[in-house]
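Please read the structure below before turning to the comments.
Derivation of every value follows stated rules applied to the coordinates shown; laboratory data play no part. Here the structure is a predicted model, which means the values were calculated and not measured. For neighbour counting, all protein chains shown are included, and Cβ atoms are generated from backbone atoms with ideal geometry for every residue, glycine included.
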Amino acid sequence: MIARRMAATAFCVALFAVALPHARAQGVPAAKTPQETGMSAERLKRLSAAMKSAVDKGEIPGAVVLVGRNGRIAYLESFGFRDREAKAPMKPDAIFRIASMTKPFVSLAIMMLAEEGKLSIAHPVSRYLPEFKEMKVGIEKKKDDGSIEVVTEPALREMTLHDLLRHTSGLTYGAPGRGPLKQAWLDAKLLDNGQTNAELITKLAKLPLVHQPGAIWEYSMSTDVLGRVVEVVSGMPLDRFIAERIAGPLKLPDTGFSAGEGKKDRAAVPQADPSTGRAPTIPPVTADLAWKSGGGGMVSTAMDYARFCQFWLNGGELDGVRLISRKTVELMTADHLPPGVRMGPDMTPVFQALLPGREMGQGFGLGFGVRTATGRNPLPGSVGDYYWGGAYGTYFWIDPKEKLFAILMMQAPAQRLPFRYLMRDLVYQAVVN
């Protein structure tokens, strides 16, 4: 017993000797030991060992993992390489492309504007973006000769900002199937990094919706449309709004739509696949892309995102800076999917534990997935926890019941799902008080 305690103490000293200087530099309180937050240092070794093993096996290039509980950092550790090919070690202040972990920032921007009386999420999108006034819904039908054609029918109602926030808009990231409807979405080149948000809206408004608004939950370009709404309503480019109204006040110095060339030596990059010699296509964090994608264009660090998570746990306030009210946070983190909404397209079981679905006790709020029930999901958590991840490998969740948040930062798209499962298991098993 004494030996185990000594080992745990040594682990804490080694870990926090590296982590604390950076944590204090960013103004984030850090616990002296994980035990002070009700977490076990000895059990956190399992998380460290698993991440180190993944690096050693070549599964991931490297990662930064951060866990906060009871208002303090309980665990912060970096693993492997920031750039494996260059043999550059990963450090806690590495900067990552966070992909869809951008969405909570843009959802927050919308709700800030709602609190200022500049928009209502109950309004039709066309009130702010007239291009969406008379949208049609596409339906694929088989002709007598066996070919497939797309016919359209009027939308039964207009999509609202509420639909965009909860992904019931009728939009998609790529229509399911292999028919002409999907091809029309692909041909539109909606993910062009050279476009502006205004140009994206022009493209989208010409396409048929894939579902009737409000009928089906489908993860989509809805938050990209919200990014353009922010621009129109605020009169500011999206990147400037995020910088001046959110990242600046919350003291997130490394969060934005690019990191700048001066931070190149902190950029995390993906590793090449040994079987092909090719690395995943992830824009460099230093690239200032023309498209400020509200759905996935931002960069950040584990420490910046930790401050962002603590902001939510605090009910919309951090270090005396309040951006939204506690009641708005409650609204955003509640389940907004009515009982009649169906899930689509079909997801494999590995996705189902992480995405909305009544059978898994999951719903969706205004920018986050939310847990709605116990006993249905194979992953540990609490009713009311909310979360999301990015396609490039990043992931976070916030558990108000446990006063806990956890962040995984890595650039390994193919490994993102297994490591989200791993994080859930190994963080919660370390909660002891």
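Just need the relative contact order of the chain here, percent rounded to a whole number, with Cα pairs under 8 Å and 6+ apart. The partial results should precede the final answer.
Details: 872 pairs, mean separation 89.2, N = 433.
Contact order relative to length: 21 percent.
Round to the nearest 10 and give me the degree value, 0 to 90, for the angle of helix 416-428's Cα axis relative to the longest principal axis of the chain.
It is inclined by approximately 50 degrees.
In what sequence, highest mean first, do 355-365, 68-78, 47-57 appear when ranked by Cβ atoms within 10 angstrom? Provide the component values of the computation, followed by the final result.
Details: 355-365: 20.1, 68-78: 22.4, 47-57: 15.9.
Order by mean packing, descending: 68-78, 355-365, 47-57.
For a quick check: with amide H placed at 1.01 Å from N, whose amide H comes under 5 Å from V370's, ignoring anything fewer than 5 positions away on the same chain?
G363, F364, G365
Once amide H atoms are built 1.01 Å from N in the peptide plane, which residues 5 or more positions from F81, or in another chain, come under 5 Å H to H?
Amide H neighbours of F81: G62, A63, M90.
Whole-Hz ³J(HN,Hα) for each residue in the range 228-235, computed from phi via Karplus 6.51 cos²θ - 1.76 cosθ + 1.60 with θ = phi - 60°, x for glycine and proline: what do you get?
6, 4, 4, 4, 5, 6, 8, x
Taking the Cα atoms of the range 120-234, what is the range of coordinates along each of the three principal axes, in descending order and whole Å?
That gives 51, 33, 21 Å along the principal axes, largest extent first.
List the trypsin sites (Lys or Arg not before Pro) within the range 241-346 that fall in a DSSP loop (any state other than H, G, I, E or B) and whose Cβ has at most 16 other Cβ atoms within 10 Å.
On the way: sites: R245, K251, K263, K264, R266, R278, K292, R307, R322, R326, K327, R342; in loops: K251, R278, K292.
Here the sparse-neighbourhood loop sites are K251, R278.
Based on Cβ point charges of +1 for Lys and Arg and -1 for Asp and Glu, what charge dipole magnitude is obtained for the range 225-358 about its Cα centre, in debye rounded to the nearest 20? Don't jump to the answer; show the numbers that get you there.
Working: 15 positive and 14 negative charges, 42 e Å.
So the magnitude is around 200 debye.
What is the magnitude of the charge dipole of the range 120-234 about its Cα centre, with +1 placed on the Cβ of each Lys and Arg, -1 on the Cβ of each Asp and Glu, and no other charges, expressed in debye to the nearest 20? Show your work: numbers first, answer last.
Numbers: 14 positive and 15 negative charges, 20 e Å.
About 100 debye.
Between T152, T102, L113, whose Cα lies farthest towards the positive end of the dipole of the range 69-193 when Lys and Arg beta carbons carry +1 and Asp and Glu beta carbons carry -1, centred on the Cα centre?
It is T102.
Hey, which aspartates and glutamates would be in cross-link range of K182, C-alpha to C-alpha under 12 Å, not counting anything within fewer than 8 residues on its own chain?
Those aspartates and glutamates meeting the cut-off are E140, E149.
Can you run phi through the Karplus equation (6.51, -1.76, 1.60; θ = phi - 60°) for the range 106-112 and list ³J(HN,Hα) in whole Hz, with x for Gly and Pro?
Along the range 106-112, the couplings run 6, 4, 4, 4, 4, 6, 4 Hz.
Can you list residues from other chains, or at least 5 along the same chain, whose modelled amide H is less than 5 Å from the amide H of G393?
A412
Counting each pair of different Cα atoms once, what's the Kirkwood radius of the chain in Å, rounded to one decimal? Before the final figure, lay out each step's value.
Values: mean 1/r = 0.0447 Å⁻¹.
By the Kirkwood definition, the hydrodynamic radius is 22.4 Å.
Let me know the charge dipole size of the chain about its Cα centre in debye, to the nearest 20, where only the beta-carbon of Lys, Arg (+1) and Asp, Glu (-1) is charged.
Numbers: 53 positive and 43 negative charges, 213 e Å.
Rounded to the nearest 20 debye, it is 1020 debye.
Could you check what % of the DSSP bridge pairs in the chain are antiparallel, to the nearest 5? Could you put the intermediate results ahead of the total?
Working: 46 of 51 bridges.
Here the share of antiparallel DSSP bridges comes out near 90 percent.
Report, in listed order, any pair from K32/K264; K52/K401; K45/K91 with a Cα-Cα distance greater than 23 Å.
Values: K32/K264 31 Å; K52/K401 30 Å; K45/K91 18 Å.
In this structure, K32/K264; K52/K401 lie more than 23 Å apart at Cα.
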